[in-house]
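What follows is a single structure, written as structure tokens, with notes after it.
The values are calculated or read from the model by the stated rules, or taken from the named source; none is laboratory data. Quick caveat, the model's predicted, so the values are computed rather than measured. FYI the Cβ positions are ideal-geometry reconstructions off the backbone, even for glycines, and counts take in every protein chain you see. Surface areas here come from the heavy atoms of the whole protein model, side chains and all, with no ligands, DNA or RNA. Shrake-Rupley method; radii C 1.70, N 1.55, O 1.52, S 1.80 Å.
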Amino acid sequence: MCLALPAQIIAIDTETNMATASVNQVKVEVSLALVDDVVLGDYVLVHVGFALQKIDDQEALATLALFAEAGLTATA
Amino acid sequence: MKYIDEFRQPDLAKQLATSIAQAVEPQRHYRLMEFCGGHTHAIFRYGLQDLIPANVEFIHGPGCPVCVLPTNRIDNAIELVEKYDVILCTYADLMRVPASERNSLLKAKANGGDIRMIYSSQEALKIARQNPERQVVFFAIGFETTTPPTAVILQQAQTEQLNNFSVFCNHVLTPAAMQALLDAPEPIVVDGFLGPSHVSTIIGTQPYQRFAEQYQKPIVIAGFEPLDVMQSTLMLIRQLNASQHQVENQYSRAVTEQGNRKAQALMAATFELRASFEWRGLGEIANSALKLKAEFAEFDAEQRFSLSTQATKEVKGCECPAILRGAKKPQDCKLLGTVCTPDNPMGSCMVSSEGACAAYWSYGRLRR
């Protein structure tokens, strides 16, 4: 029920506040009613047809770097 | 797929496993509750239990909205269809949940009931617009993740004066469930929590602070991908080793301290607390669920239709309630895999794609 998928915004209709998003090349209609300042190319988490939150790429990269760091300290 | 594949890399999983193995103190037993069914499924599906030391135990929590919905609410939904002849719009997860008398929404649909499975709450509005001569009810369930989309369509229905539309509201609150687990007469024995991923995108990390402080349990908000779960496990172990009890945010790519303010404001404008709500496994919990505000009363299915209030009867032998409290594991249930399977579920934990029994049946049953 609480699962949400990362999707990239590929078109925005400002009149209806709806967007077209790509989930692994599959196009889905997504409401932007719950998020502000979404622009083309942004990644959002999509849940029951709504964008819940933007995905912060810097934070994602930082988390991935921490995974790698965990391994380094483990093997050191 | 971006933001998915990177968080499933096997080589990084092995590295994290090594770090966890080095971090655990061998004489200590770590009991970590993953609150969400999404985490339970990641743990079983990716075999994470086998990657970490045996003295780190995962205890499955109640974070599966389909699982915690008491039977009488499903009975009410069937009553709406059979007695009031409404078009009932529901998320697909609810279709096979057992109701009383071996009934279910799927059986009610087979018997001619007009039950529509929808993917988005907005489809319910569309169905209401297309069928102005019929009453259309949206069977709303879910934690804080799923509540804002219901708030949006209620506001739309009010703007459009869509008078044949109403919502049967069953939205529940995560912090209230956490509180109930910790305050239970026989409190669960848990050392720390893996906190919800997507609930927290909405409510933020701040609401967990009081649990960390009051009950001295570390809480790590964890993403749903396998590497997220492993890293969060490592963070919990490190906190426990250092006798710390803080709220940490592993899922920082989507969760902030304050959460989604816009969604919170929409929820606050549309819903208010129910005095009490029944949870399967946890019983009646005060202030644990939402109902429509008075301004939206005309869209409240519970006010529009008179629904019966019979008590919930559980299937004899089904351990769902104890499993949802973290008191038992799926393998402790005698019905699991014998009479209770995903094709013929006896309890909600076997139905939902987030239920612990479904996870155990799908991925874990050959592990022992």
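Some notes on this structure:
- With eigenvalues of the C-alpha gyration tensor scaled by 5 and rooted, chain B, Å: 36, 23, 18
- Pairs of Lys residues in the range B:216-337 are counted when their Cα atoms are under 25 angstrom apart and they lie 8 or more places apart or on different chains; the count is 11.
- Under a 5 Å amide H cut-off, with hydrogens placed 1.01 Å from N, residue B:167 pairs with B:138, B:300, B:301 among residues at least 5 apart or on other chains.
- Residue B:280 long-range amide H proximity, modeled H, under 5 Å: B:69
- By average C-beta atoms within 10 angstrom, highest first, the peptides A:23-34, B:347-358, B:160-171: B:347-358, B:160-171, A:23-34
- Kirkwood-based Rg to Rh ratio, the protein assembly as shown, C-alpha trace: 0.96
- When B:278, B:284, B:225 are compared by accessible surface with a 1.4 Å probe, the order from highest to lowest is B:284, B:278, B:225.
- Candidates B:301, B:212, B:265, ranked by Gaussian network fluctuation over chain B, Cα under 10 Å, top entry: B:265
- Using C-alpha pairs below 8 Å separated by at least 6 residues, the relative contact order for chain B is 23 percent.
- Heavy-atom SASA rank of B:159, B:338, B:146 (probe 1.4 Å, accessible area, largest first): B:159, B:338, B:146
- Ellipsoid fit via the Cα gyration tensor, the range A:5-75: semi-axes of 30, 11, 9 Å, each the root of five times an eigenvalue, largest first.
- The apolar share of the surface of the range B:188-344, taken as the fraction of accessible area on carbon and sulfur atoms (1.4 Å probe, ligands and nucleic acids excluded), comes to 48 percent.
- Among B:102, B:116, B:274, residue whose mean-square fluctuation peaks in a GNM of chain B (springs only between Cα atoms under 10 Å): B:102
- Amide H partners (placed H, <5 Å) of residue B:55, local residues excluded: none
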